[in-house]
Amino acid sequence: MSVCLSLSKGRIVTGLLAVLVVSLISSSALAQSDSNPRYDVFAGYQWLHPGGTVPAPNGDPNSPTAFQVPDMAKGFGAAFTYNFDRHWGAEFDLGVNGGSSSTMPAPRETTFSVGPRVMWRTDYANYFLHSLLSLNRVSVNGLNGSNGIGAILGGGMDLPIRKGFAFRLFEADYVWARHNYSDFAAPQFPDLRRASFEGVRLRTGIVFSWGGAPAVAPAASCSVQPGEVLVGEPITATVAISNFNPKHTVTYEWSGTGGQITGKDTTAQIDTTNAAPGSYTVTVRATDAREKNNNVASCSANFTVKPLPPKNPPTISISASPTSLQAGGTVNLSANCTSPDSVGVSVANWTASGGTVSGSGSSATLNTTGASPGSITVGATCTDTRGLTAQATTQVMVENPPPQVDKALEARLALHSVYFVVNQPLTSKPNGGLLPSQQKTLISLASDFRKYLETTPDAHLILGGHADHRGSAEFNQALSQRRVNRVKSFLVEQGIPEANIETKAFGKEHNLTTEEVQGEVESNPELSPEERQRVLKNIVTIRMASNRRVDVTLSTTGQTSVRQFPFNATDALTLIGGRESETKKKAAPKKPGAKPTTKKP
């Protein structure tokens, strides 16, 4: 029986110690909180029910009985707790209960307990649970005193009164302990069974607490944006708080030495409309009404109100593109509006003395459909944010409609290329080289072009000079330049303004190929089949003759001269170079000592 008793006690002790060790290890791993006490002590009234059962001191040894001690209820309780952090602590507990009896001397039960305690702290109440391992001491006059082991499991609620002092509204615990009857019995009762102590323990009393890190004072930080304004410009003030209880509502009271301040929360607006220029301070007081003390923080920020500068009106300029056009076209209008005081501006109220203007903002469009020739005045208004305005205008010229182009004349203006003899004109005679047939072509061209200029005065004739492939590049470039210069001077002689003629010299670049010349020959309507056949037999010579020319282009239409060699002209053989057969020249015997001749392009 004693073995069983020992094993039972061992299991109980082992289980309670395991709970205690785990709780302490968990608690020690947490840092001490800044907002909870390090120590607290409880003292108060304790009531125990039903008390315990012990053997009767004068019982029959052959029939041992026990008697109840129900009036051990009243007593005293105390506890000391070391807090590891806001929630966990190690508790040391003392409980004493004593009673009186008409049948025997008064008994006494005392408990010494230790174990972990966990507490939930709120603004209005603190709730706790504890699990304690106990040493239970029972003393009864007439019997031996007995020490047993036990446990206390339970919890309670504290009501904070002020910092460091609270009222324990209740504590309710389950108390359990075991004792051997042999501990109580006289020698004549060696085999009495185990005594049992278990029931409910209720407590109430007061709690004192102290220690721990001091509470951090609440703080506030203020700022204004912007820090400098002109009279009338708004300012925004903000406050950031710290170390207040985040679960509480904080109220804000704003005040200042200048401007009108409006705000209730963390942001306030400052109206400086009626503030005189100078430096001012805005202050806010943050209060946590639920805290008993240390619940206020305040801060201030400075701002400057500067006098308004002189009000300068905005400036505006208007540009038009194009500035001159014929009626029916459109003009893009753009306004550049700025303020010398760097305030906001806008453009509106576009007007025009002719045509129709449409648009908004800094861009508009003028439509000149139906507008009479002459100047149109376009205007716009620039307004800044203070109501100051400025106007600007610009002129757009509507031109007289151009004379109607004589389409028939334009179609009749037949352009023909002009051809030159080999190496013509000479450097020594730059005004020569034009054969009569080519002069006749240019005279007819000049007559038609003079009439064309009456309706299209900006038209140009573009002359492009060429040379055949023989000779150096420098020689051919100079030769083709002399050829366009000669054609230009001849046209000027026929009454064409020099300003209406352009020249380009290509040298032997862009020469016609044999295939291109062959195509021109085959499409030439002036040649009979027999003549066309003879020409094609001498296509190499004809190709070189076809590249000794000046082409003519009309600038307004892009029309290019017809490159049709004048085979039927009276001086065509001269232009070709006598139509000598290259084969006959190669077959003719050369005189001894004769020097080879070089054909100029």
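The values are calculated or read from the model by the stated rules, or taken from the named source; none is laboratory data. Small disclaimer: the values here were computed from a predicted structure and weren't measured. Ideal geometry is used to build each Cβ from the backbone, glycine not excepted, and the neighbour counts take in all protein chains shown. When the accessible area is computed, the model is the full protein with side chains, heavy atoms only, and any ligands, DNA or RNA have been set aside. Shrake-Rupley method; radii C 1.70, N 1.55, O 1.52, S 1.80 Å.
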(request) Might you report the magnitude of the Cβ-based charge dipole of segment 223-289 about its Cα centre, with Lys and Arg at +1 and Asp and Glu at -1, to the nearest 20 debye? (result) 200 debye
(request) State which entries of K407/K508; K440/K488; K504/K537; K429/K488; K429/K504 exceed 25 angstrom in Cα-Cα distance in the structure shown. (result) K407/K508; K504/K537
(request) Report the paramagnetic label zone for T385: residues of segment 268-284 whose backbone N is under 19 Å from a point 7 Å from Cα along the Cα-to-Cβ axis. (result) 269-275
(request) Grab the Cα-Cα distance for S555 and E531, subtract it from 0.36 nm times how many residues apart they are, and report the gain in nm with one decimal. (result) 5.1 nm
(message) How charged is the neighbourhood of D93? Take every other residue with its Cβ under 12 Å from the Cβ of D93, and add Lys/Arg as +1 and Asp/Glu as -1.
(response) 0
(message) Distance cut-off 25 Å, Cα to Cα: go down the list K264/K311; K163/K264; K163/K247 and report the pairs above it.
(response) K264/K311; K163/K264
(message) Could you work out what % of the accessible surface of segment 253-378 is carbon and sulfur, using a 1.4 angstrom probe and leaving DNA, RNA and ligands out of the count?
(response) 46 percent
(message) Explain nothing, just compute: Karplus ³J(HN,Hα) = 6.51 cos²θ - 1.76 cosθ + 1.60, θ = phi - 60°, for every residue of segment 368-381 in order, whole Hz, x for Gly and Pro.
(response) 9, 4, x, 6, 6, x, x, 8, 10, 9, 10, x, 8, 10
(request) Express the accessible area of segment 343-385 per residue in Å², computed with a 1.4 Å probe while the remaining protein chains stay in the model. (result) 46 Å²
(message) Defining a contact as two alpha carbons under 8 Å apart and six or more residues distant in sequence, what relative contact order in percent does segment 227-302 show?
(response) 33 percent
(request) Between beta-carbons, use under 12 Å as the cut-off and find the net charge around N524, counting Lys and Arg +1, Asp and Glu -1. (result) -2
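Assuming R0 = 30 Å, can you tell me the calculated FRET efficiency for the pair H510 and L453, based on Cβ-Cβ distance, to the nearest 0.05? The partial results should precede the final answer.
Numbers: r = 28 Å, r/R0 = 0.95.
For H510 and L453, the calculated efficiency is 0.60.
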(message) Can you give me the accessible area per residue for segment 456-533, using a 1.4 Å probe, in Å²?
(response) 49 Å²
(request) Report the residues of segment 253-288 in range of a label on T304: point 7 Å along Cα→C-beta, backbone N strictly under 16 Å from it. (result) 276-282
